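These notes are about the structure you will find just below.
Just so you know, all these numbers are worked out from the coordinates, no wet-lab data involved. Not measured: the values here are computed from a predicted model. As a convention, Cβ positions derive from the backbone with ideal geometry for all residues, glycine included, and neighbour counts pool all protein chains shown.
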Amino acid sequence: MAVCGALVRSGRLSRPICGRTLSLIGSRPASVKRMASALSYVPETAPSDFGETTKMNLFQSINSAMDVALATDPTAVIFGEDVAFGGVFRCTVGLADKYGKDRVFNTPLCEQGIAGFGIGMAVMGATAIAEIQFADYIYPAFDQIVNEAAKYRYRSGNLFDCGRLTMRAPCGAVGHGALYHSQSPEAFFAHVPGIKVVIPRGPIQAKGLLLACIKDDNPCIFLEPKILYRAAVEHVPVGDFTLPLTSAEVVVEGKDVTMVAWGTQVQVLREVCNMAQEKLGVSCELIDLRTIMPWDSETVIKSVNKTGRLLVAHEAPLTGGFAAEIASTVQGECFLHLEAPVERVCGYDTPFPHIFEPFYMPDKWRCFEAVKKLINY
Amino acid sequence: MQTILSTSMAGARRMLWAVGKSLQEAVSVKESSTHLSFMQTSSGFTKRLGSTYTNAASFADDRPQFPGTGSKVRFTEKLDFLLPDTSPAIPVYRVIDRQGEVLDPTQKPELPEDVILDMYRKMVLLNTFDAIMLNVQRQGRISFYMTNYGEEAAHMGSAAALDPADVIFGQYREAGVFLWRGFTLDDMMNQCFSTHQDVHKGRMVPINYGSRDINFVTMSSPLATQIPQAAGAAYAMRMSGKPLCVTCYFGDGASSEGDAHAGFNFAATLDCPLLFFCRNNGYAISTPTSEQYRGDGIASRAAGYGISTIRVDGNDVFAVYNATKAAREICIKESKPVLIEAMTYRIGDHSTSDDSTTYRTSEEVHQFQQDSPITRLNTYLVKNGLWDPDKETTYREEAKSKVLEAFHGAKDRKKPPISDLMTDVYDRMPAHLERQAASMRRHVNIYSEQYPVQDFLEEDKAV
């Protein structure tokens, strides 16, 4: 006990382990691959008419969007868990200092409260920007989103609405997130008439689409691929600009295969485009859907009518995932143009695993195989 | 009548905002002369605990130094559990007794006689409306109805104490509040019959009223969802700088929902000028309060959130009025929530889909019918020479004929144009809905005999 006492008083029991102990654990084995470094983000260039740009990663571009929103709209507020100090992903850094604690504030730990509170603010005409810490934790808010936010305008005959509400949440695989820090819940919300669901593929897109959501007069859910927060860096316009909602973008033009994705998966399919060209001589047209709901079916249909082949890929599980909706629409609208059945490369119908993530993901090899299947049908 | 929520379109929705008003702006609210004692939570807890632990007393001081408690907490060496029934049950504030006698003259509200009579008449009108609409539903003319029997005083007393510009969120059993604020019988009938004159364009089941003109947000079926919304609305109200509050009605059952907990906690931590009004009527459909909670009602929970509270006799319109008026002042002056728990009784069935004889005795119901809010106020009025049986008969006839007139107008009125099925999902109709609308139109045109097309307003007649 005396020894214990000495250790306690010197603070040794609460210090991190010393160097001698550390050397017994050994250094990082070469076999440990850091999944995040496997992602290579290809930076894009902003249209020149959006003005001066500066280098920003994804969380900085989102911060910039919210900075613009609060600067230009005196009713705009940001709230959620831990947003005041800057947020667990640094998306709100500096905003509480700049705009005050009445406009950027923490809420108690309660997603249903965050959603309900946001709806109430929006009903009164204030621009409410709510943060849900992880999309995996959005489900307590599901009732408020589905039964209230989505239906506010319709049920009241346009007497009331909560169009000023935007809810943001980090989504998607991060390499080690497992069941509860990796989910992509877009399909749940796509099934609810009355809300918009938007997912950006990079910093420029994120800022423009987020500002569009904030200004849009419908409740929006903005899902941010968390793995891109630091990994995606490009020169983002510093000013106020928006990108259109319900407008899919052809990111790579091609003529043989149409590929549709959103968020991080767009980056994965960029690589698949290159692989298909190099190894198969196949020209792929890559479309970023951007808005999941209401989605721009016209752009996709036009592309598939041209190519005759469609691949849709997403991290969310296969069954009931949004690829199913796209595939179903395409087979109805492009039936006679199709050269092969629609391919969907998705997460398996399991909860998002921890150690098995490399096998679970719709990675470039699985997508490449799907392209081969489409070509060889 | 000043309205926060103006009726004009587009920019009107943002009319609430008075830009740049400071939270500290002095607000003058007329002092109430009644001396109600609210169970005020002590200041050590109501003060916002800062996000940084600022009480930097040294550890040499033998006091608890945890960020999780306020500065008033002390150590104890006694292994004593705080039993839930150690403190007495929160008392029920009342002004008049069951015989209509004012017990403490200082508590009699300063209400002009014509206002008190107006309260009574509106209670009777509501009661009449309920009775007729119950029958209308039984006849199959409307799909569903919910009566307000037994809660008329809770409605009128609270509504009369609010400013018309205060925004209200409700549950579903607050029709009296609508009537008080000027919602017409035609408005109610149009909503119940889903006619083309229903402001909601026929989209909701009966009794889900809402009105921009009277600042009462459209009600919805899911229980308690309005509670955290009311907190957000109150926050926005505070930000606007207007000396107004938000009032949120809900029942004893709804207060068990997670949304109620969320709403209480958010309102308290974010300093929202929100008046929580809980109608504790003893039942949530068939579930009595003994199966809904174990503690001392809903008022006892307030202290846990750092919220001031009062329990009132919900059948005593004066008590409800006094409590609401005083609570409102606290909300606005101190920018904090207050909870009123109005104890009352649900005399009617939960709804027309319910038969309460299957879970409670008719003796119990009869007892409360005899001491209903209407009877209580009637006794008071008659005792004070303001009312008599002749006036009663005359007014009841008048109420009945007014309701029937509105009924006859609404019952055969055309429903909204069929195209209203597809609009207002978003602010503008998206392409996919346009396609679906066209598809529906084509189908209905081909199969028009199979659909009740003649009941709906023709498209070109739609405004």
### Query
Excluding same-chain residues fewer than 8 positions from residue B:383, which lysines have a Cα within less than 26 Å of its Cα?
B:108, B:122, B:325, B:391, B:400
#### Entry: Percent of Cα pairs exceeding the 17 Å cut-off, where the set is the stretch A:263-377
55 percent
### Task
Straight distance only, please: which lysines reach the Cα of residue A:98 with their own Cα at less than 26 Å, same-chain residues fewer than 8 apart left out?
A:55, A:207, A:215, A:226, B:21, B:47, B:242, B:336
### Query
At what distance in nm do the modelled label points of residue A:306 and residue B:138 sit from each other, each positioned 7 Å from its Cα along Cα→Cβ?
6.9 nm
### Message
Taking the Cα centroid of the stretch A:48-115 and of the stretch B:360-383, what is the distance between the two, rounded to the nearest whole Å?
### Response
55 Å
### Message
Over the Cα atoms, compute the radius of gyration (one decimal) and Dmax (the largest Cα-Cα distance, rounded to a whole number) for the stretch B:304-463, in Å.
### Response
25.3, 67
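Filter the trypsin sites (Lys or Arg not before Pro) in the stretch A:63-104 down to the DSSP loop ones having no more than 10 other Cβ atoms within 10 Å, then list what survives. Intermediate values should be presented prior to the final figure.
Values: sites: A:90, A:98, A:101, A:103; in loops: A:90, A:101, A:103.
The qualifying sites: there are none.
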## Note on the structure
Per DSSP, the loop-located GluC sites (Glu not before Pro) within the stretch A:257-350 having at most 14 other beta carbons within 10 Å are A:339
### Query
With θ set to phi - 60° and the Karplus curve 6.51 cos²θ - 1.76 cosθ + 1.60, what are the ³J(HN,Hα) couplings of the stretch A:69-81 in order, to the nearest whole Hz, using x for Gly and Pro?
4, 6, 6, 9, 10, x, 8, 6, 9, 10, 8, x, 7
### Message
Which three extents, in angstrom, do the Cα atoms of the stretch B:228-324 have along their principal axes, listed largest first?
### Response
42, 32, 23
### Summary
Spelling it out for residue B:209: with amide H atoms placed in the peptide plane at 1.01 Å from N, the residues 5 or more places away or on another chain with amide H under 5 Å from its amide H are B:219
### Task
Report the local net charge at residue B:371: Lys and Arg +1, Asp and Glu -1, summed over other residues whose C-beta lies under 15 Å from its C-beta.
-4
### Query
Taking the alpha-carbon set of chain A, what are its Rg and Dmax in Å?
22.6, 85
## Note on the structure
Scan of chain B for trypsin sites (Lys or Arg not before Pro) in DSSP loops with at most 16 other beta-carbon atoms within 10 Å gives a longest site-free stretch of B:142-293
## Note on the structure
Distance in Å, no decimals, from the C-alpha centre of the stretch B:394-463 to the one of the stretch B:135-165 is 24 Å
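Tally Lys/Arg at +1 and Asp/Glu at -1 over every other residue whose Cβ is under 12 Å from the Cβ of residue B:75; what's the total? Provide the component values of the computation, followed by the final result.
On the way: positive: B:63, B:74, B:78; negative: B:61, B:62, B:77.
Around residue B:75, the charge tally is 0.
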### Task
Restricting attention to chain B, give the cysteines that have no other cysteine Cβ less than 4.7 angstrom from their Cβ.
B:192, B:248, B:272, B:278
### Task
Taking the convex hull of the Cα atoms, report for the stretch A:321-377 its projected area averaged over all directions, in nm².
4.4 nm²
### Message
How much of the DSSP bridge set in chain A is antiparallel, in percent, rounded to the nearest 5?
### Response
25 percent
### Query
What percent do you get for the relative contact order of the stretch A:247-294 when only Cα pairs under 8 Å and 6+ apart count?
57 percent
### Task
Pull up the DSSP beta bridges for the protein assembly as shown and report the antiparallel fraction as a percent, rounded to 5.
20 percent
### Query
Summing +1 for each Lys or Arg and -1 for each Asp or Glu, what net charge is found among the other residues whose Cβ lies under 14 Å from the Cβ of residue A:289?
-3
### Karplus (6.51, -1.76, 1.60) ³J(HN,Hα), θ = phi - 60°, over the stretch B:415-430, in Hz, Gly and Pro reported as x
6, x, x, 4, 4, 5, 4, 9, 8, 6, 5, 10, 5, 10, 5, x
### Summary
The pairs in A:302/A:372; A:151/B:411; A:101/B:333 lying past 25 Å Cα-Cα in this model are A:151/B:411
### Query
Whats the longest run of chain B with zero chymotrypsin sites (Phe, Trp or Tyr not before Pro) that are DSSP loop and have at most 16 other Cβ atoms within 10 Å?
B:145-292
### Message
Let's test this: bin the Cα-Cα distances of the protein assembly as shown at 10 Å from zero up to the farthest pair and state each bin's percent.
### Response
2, 12, 19, 21, 18, 14, 8, 4, 1, 0
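Would you order B:356, B:221 from fewest to most other beta-carbon atoms within 10 Å of each residue's own beta-carbon?
B:221, B:356
Relative contact order for the stretch A:89-142: what is it in percent, counting Cα pairs under 8 Å that are at least 6 residues apart?
33 percent
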### Task
At a Cα cut-off below 13 Å, give the aspartates and glutamates reachable from residue B:78, other chains included and same-chain residues fewer than 8 away excluded.
none
### Summary
Least to most buried among A:165, A:280, by other C-beta atoms within 10 Å and fewest first, runs A:280, A:165
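Partner chain Cβ atoms within 10 Å, averaged over the residues of A:54-67 - can you pull that number for me?
0
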